[in-house]
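*Asks:* Structure below; questions to follow.
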Amino acid sequence: MTPPRDLADTTGHERTELIPPGHRVGDWVVTELIGAGGWSTVYAARPAQEGRRDRAGGTPGPGEVALKIMPTAGLAPRQARRIVESARREVELGRRAGHPRLIGLRESFVLAAPDLPAVDGAIVLVMERAAGSLRELLDAGVSGADRGRLIAGICEGLAHLHRSGWVHADLKPENVLLGADGSVKLSDFGLATELTGTHGYVPPLGTLDYLPPERWRAPLGELGVQVRPSADIWALGVVIHEVFASGASPFPGATPVARGAAVQQYGEGRAPLRMDLAVPPFWRALAADCLAPTHAERAPHTAESLLARIAAGEGPYGGGTGTRRPRGRARAAVLAAVLCGTAGAALGSDAVLEGAAAPAGHAAVTVFNAERGCQDRADRDRQCSLGLAIDPLRPYAAGNVVPTRVWHGDLLTADCRLPDGQPVIDEEDLTSTLWFRVRLPRGSAYPAAWLPAVRTKDRPSLPGCPRPPAPR
C-alpha cells in the first residue's frame, strides 16, 4: 500500500496558501502545503542550504521537515494569547517528553516576514515530517495485519505521555502520524497539558467526536476545563473502534453534535454501548473498557495496562485482529485476510493447476478477488494477494492464514467442502459459511489450507470434509 501524503495538522478546514513554495522561513525553504487547521497551517520544507530536490509520490526526502505556522497577526489579544500558550505547550512537551512515539520538535522561532503580512510575527514550530496520518489510512483502508500494531503504537505514545505527567487532550486519527516505515507518532500537542496532581487544565476546545461524557458537562473554571489521562483513554477507545469499523464512530448520529448527544445519553446510563459487529471480540473488550462511561470506571485501564493486554493477545500485537468490512462493494469481512503487503510464498504447481485437470475425486476452484484493480492475472502484486486460512472454524484473520499466497484467477485443487465453517460476509453483504479445503505444495508448512467460498465463484460438487476439532 502506498503511504498516504503527509498530514501534520489537518482538521478538514479549507486549505489556504499563506506562504508560497520557494519562500524561505528561517533556515528552511517551503516546498508545498501539507494541511490547514483552525489556528495553524503546515508546510513541507527542505534545508535552505540544499539545492532543489525532486520527489515522487509525496514521500519526504532526506532532511525535510514540517513547518507548523501559527499566525498571530490581526488576532484579538485573547486569541493571540491562546496561540502563544498553545505553542508554549508544544515546545515544553517537545523538550521534556521526547519519545519515538511522539512527533519530534526540532526548534521554534518567531517569523519575521514583512513581505507577507499575514504571517509576519507568526510562531513557527519545526517538526519531524511524517509520511501520512491514521485518518488518511482509515480512508484508504487499513490492512488487518496493521491494525493491532497501529493501536499498540498509540498506546506506547500515550503511556509515555502519561508517565511524563502529560495528557494529550486531543487524540484522534488526524493527530496520529505515520512514518515512512509505518511507525506511529502522536502529534499536535496544542491542547496537551501537564498534570498538577491528578488533573490538568485545558481551554474549552477539542474535537467533539473524541470527548468523554464528563467533558460535555465539565464546568469552565479560571484555569480552563479539568482533564485527566482517562480522557485520552476514552479517545483511544473511539479510535480502536474506528480502526476496525472502517472509520465509523461507536456512537450513532449524522453530525458530531448528534454523536455527542449519544455519548451523553450513554454516560448517563440512558443508552447502551453498541459497537459495530466488525470489531473482533478481543478489540471489542478492549474498546469497551476504554469507553467506560465514567472516569472512575475508566481509570484502572491505563495506557500501560492496555498495551500489556495487547502484547499478551494472539502473538505480538495480534490480539484477535479479526475481520473488517471496508466501504462500498469491498465490504467483505474476508478482506482482512488480503493483508496488503504481507510477505508470503506464491503457490507452486502442486496447488495451482496450470490448465491441467484436477485429480480424480478433486475439483478445480478459481480464486476470485473482488478488487477490480487486482484482477489482472499478469500483475501478481503482493498487495493483491489473498490468504488461505489454517482453520475454517476460527476468524479469517491475520493469525489464521498460512504463509502461502494466492492471486485472482489462480486455479486451486480442492478435495472437499465444509458447509458450516466460520461465517464470512461477501461483497453483497450476504453471509456464507461454506469453505473449500485446497492442496498446498509439497514442503509447505501446512499440507492443506482453506478457501472461503466468497473467494471463488465456483461451486464444485465435492464430498464433505471431516469437521476440524473446535478451536480452544
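The values are calculated or read from the model by the stated rules, or taken from the named source; none is laboratory data. Everything numeric here is computed off the predicted structure, so don't read it as measured data. Cβ: placed from backbone, ideal geometry, glycine included. Neighbour counts: every protein chain shown.
Every residue, every condition in (1) assigned by TED's automatic domain parsing to the domain that holds ASP170; (2) touching a strand residue (DSSP E or B) at 6+ places or on another chain (Cβ under 8 Å), yes or no:
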{"residue": "GLY94", "(1), (2)": "no, yes"}
{"residue": "PRO100", "(1), (2)": "no, yes"}
{"residue": "SER108", "(1), (2)": "no, yes"}
{"residue": "ALA112", "(1), (2)": "no, no"}
{"residue": "PRO117", "(1), (2)": "no, no"}
{"residue": "ILE123", "(1), (2)": "no, yes"}
{"residue": "ASP146", "(1), (2)": "yes, no"}
{"residue": "GLY153", "(1), (2)": "yes, yes"}
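*Asks:* Does ALA48 qualify as being assigned by TED's automatic domain parsing to the domain that holds ALA118, farther than 25 Å from ASP139 by Cβ and at pLDDT 60 or above?
*Replies:* yes
*Asks:* Going through region 203-230 one residue at a time, which ones are buried (at least 22 other Cβ atoms within 10 Å of the Cβ) and closer than 22 Å to LEU105 by Cβ?
*Replies:* Passing the criteria: VAL227, PRO229.
*Asks:* May I ask you to say which residue of ALA112, ALA159, ALA145, ALA169 is crowded, with 19+ Cβ neighbours inside 10 Å, of a type in the set (A, V, I, L, M, F, W, C) and farther than 22 Å from THR207 by Cα?
*Replies:* Unique residue meeting the criteria: ALA145.
*Asks:* Of the numbered conditions (1) in a loop (DSSP other than H, G, I, E, B); (2) out of contact with any strand residue (DSSP E or B) (no Cβ under 6 Å at 6 or more places or on another chain), THR404 fails exactly one; give the number of that condition.
*Replies:* In the conditions (1) in a loop (DSSP other than H, G, I, E, B); (2) out of contact with any strand residue (DSSP E or B) (no Cβ under 6 Å at 6 or more places or on another chain), THR404 misses (1) alone.
*Asks:* Let me ask another. Out of all the residues in region 183-206, which are more than 20 Å from THR302 (Cα to Cα) and either free of Cβ contacts under 8 Å to residues at least 60 places away in the same chain or outside any loop (DSSP other than H, G, I, E, B) (or both)?
*Replies:* Matches in region 183-206: VAL202, PRO204, LEU205, GLY206.
*Asks:* Output the residues belonging to region 434-455 that are within 29 Å of the chain's Cα centre (by Cα) and of a type outside the set (A, V, I, L, M, F, W, C).
*Replies:* Start the filter on region 434-455 by keeping residues that are within 29 Å of the chain's Cα centre (by Cα), which leaves 450-455.
If the condition is that a residue be within 29 Å of the chain's Cα centre (by Cα) and of a type outside the set (A, V, I, L, M, F, W, C), then PRO452, ARG455 are the ones that fit.
*Asks:* Which one of these does ARG106 not meet: (1) surrounded by fewer than 23 Cβ atoms within 10 Å (Cβ to Cβ); (2) in contact (Cβ under 8 Å) with a residue 60 or more places away in the chain; (3) part of a strand (DSSP E or B)?
*Replies:* It fails just one condition, (2).
*Asks:* Also: Given the criterion assigned to a helix (DSSP H, G or I) and touching a Lys or Arg at 6+ places or on another chain (Cβ under 7 Å), identify the matching residue among GLY157, GLY148. Quick ask: steps written out before the conclusion?
*Replies:* Numbers: GLY148 fails: touching a Lys or Arg at 6+ places or on another chain (Cβ under 7 Å).
Criteria check complete, one pass: GLY157.
*Asks:* At least 2 residues that are of a type in the set (A, V, I, L, M) and either under 15 Å from CYS155 (Cα atoms) or at pLDDT below 90 (or both) in each: list the helices (runs of 4 or more DSSP H) lying fully within region 224-316 that qualify.
*Replies:* Details: elements: 229-244, 256-267, 281-290, 295-298, 303-311.
Counting at least 2 such residues, we get 229-244, 281-290, 303-311.
*Asks:* Right, something else. So how many residues does region 69-83 have that are surrounded by 13 or more Cβ atoms within 10 Å (Cβ to Cβ), without any contact (Cβ under 8 Å) to a residue 40 or more places away in the chain and assigned to a helix (DSSP H, G or I)? Break it down into steps so the answer makes sense when it comes.
*Replies:* Filtering region 69-83 down to residues surrounded by 13 or more Cβ atoms within 10 Å (Cβ to Cβ) leaves 69-73, 75, 80, 82-83.
When the remaining residues are screened for being without any contact (Cβ under 8 Å) to a residue 40 or more places away in the chain, the result is 75, 80.
Now restrict to residues that are assigned to a helix (DSSP H, G or I): 80.
Residues that pass the stated criteria total 1.
*Asks:* If you take the residues of region 18-42 that are under 24 Å from PRO173 (Cα atoms), in a loop (DSSP other than H, G, I, E, B) and touching a strand residue (DSSP E or B) at 6+ places or on another chain (Cβ under 8 Å), which of them is modelled with the highest pLDDT?
*Replies:* SER40
*Asks:* Right, another one. Is it the case that some residue within region 123-137 is closer than 22 Å to TRP28 by Cα and without any contact (Cβ under 8 Å) to a residue 24 or more places away in the chain?
*Replies:* Looking for residues that are closer than 22 Å to TRP28 by Cα and without any contact (Cβ under 8 Å) to a residue 24 or more places away in the chain, one finds none in region 123-137, hence no.
*Asks:* To continue, here is another question. Might you let me know whether region 367-387 holds any residue that is within 19 Å of ASP410 (Cα to Cα), modelled with pLDDT under 70, of a type in the set (S, T, N, Q) and part of a helix (DSSP H, G or I)?
*Replies:* For region 367-387, residues within 19 Å of ASP410 (Cα to Cα), modelled with pLDDT under 70, of a type in the set (S, T, N, Q) and part of a helix (DSSP H, G or I): present.
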